[in-house]
Amino acid sequence: VIRVFIRPSRHGDYFMRGGSREAILLTPTSDSICLVKEAVSLVNSLYEPNVPYQKVGVILSGLTHMGGEQQLFTGGVQQRDNPRLMSVIDDINQNYGLDTVTVGSRLLANSWQSKAEVRSPAYTTNWSQIATIKA
């Protein structure tokens, strides 16, 4: 299952706009292109021009092992996966750094990055942020 949500600020005039939609994938897929196309389609069905959206999210659920799919009720329809392409993208990103090759585009300008000025330190996941105490 892939679910997307989109919402404006809860403090503005458009707080009742937005919402969420989901799509049930009939067969398991690890193809990022298929997942992105489905997510974009769902967001487009929710989007309204001139509404100042603040947040959008994608949630994947019902994750399964690729070998465990059941074809009983799918009508034999397969997702259009391209495992060779996904393997090449994974290999390039592993050898040359994360996000060397991505699906689609995203703006990398500072004005579109998440706001991190009030983020709490990651003491449990980042060794460099562990507090040092001298006695």
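So in the stretch 58-75, with the set limited to residues that are surrounded by 11 or more Cβ atoms within 10 Å (Cβ to Cβ) and modelled with pLDDT of 85 or more, which one is farthest from residue 4 (Cα to Cα)?
60
For residue 29, only one of the following conditions fails: (1) modelled with pLDDT of 90 or more; (2) surrounded by 13 or more Cβ atoms within 10 Å (Cβ to Cβ); (3) touching a helix residue (DSSP H, G or I) at 6+ places or on another chain (Cβ under 8 Å). What is its number?
(1)
Could you list, in sequence order, all residues of the stretch 32-49 that are touching a residue at least 60 places away in the same chain (Cβ under 8 Å) and buried (at least 16 other Cβ atoms within 10 Å of the Cβ)?
If the condition is that a residue be touching a residue at least 60 places away in the same chain (Cβ under 8 Å) and buried (at least 16 other Cβ atoms within 10 Å of the Cβ), then 32, 33 are the ones that fit.
Does residue 52 fit the bill of being buried (at least 16 other Cβ atoms within 10 Å of the Cβ) and on the phi < 0 side of the Ramachandran plot?
Spelling it out, it is not the case that residue 52 is buried (at least 16 other Cβ atoms within 10 Å of the Cβ) and on the phi < 0 side of the Ramachandran plot.
Tell me the residue from 20, 41 that is part of a strand (DSSP E or B), hydroxyl-bearing (Ser, Thr, Tyr) and either modelled with pLDDT of 90 or more or more than 27 Å from residue 88 (Cα to Cα) (or both), please.
20
Looking at the stretch 76-135, which of the residues that are closer than 25 Å to residue 24 by Cα and aliphatic (A, V, I, L, M) is modelled with the lowest pLDDT?
Among them, the one singled out is 77.
The values are calculated or read from the model by the stated rules, or taken from the named source; none is laboratory data. Computed from a prediction, not measured in an experiment: that's the story for all the values here. Note that we place each Cβ from the backbone using ideal geometry, even for glycine, and neighbour counts take in every protein chain shown.
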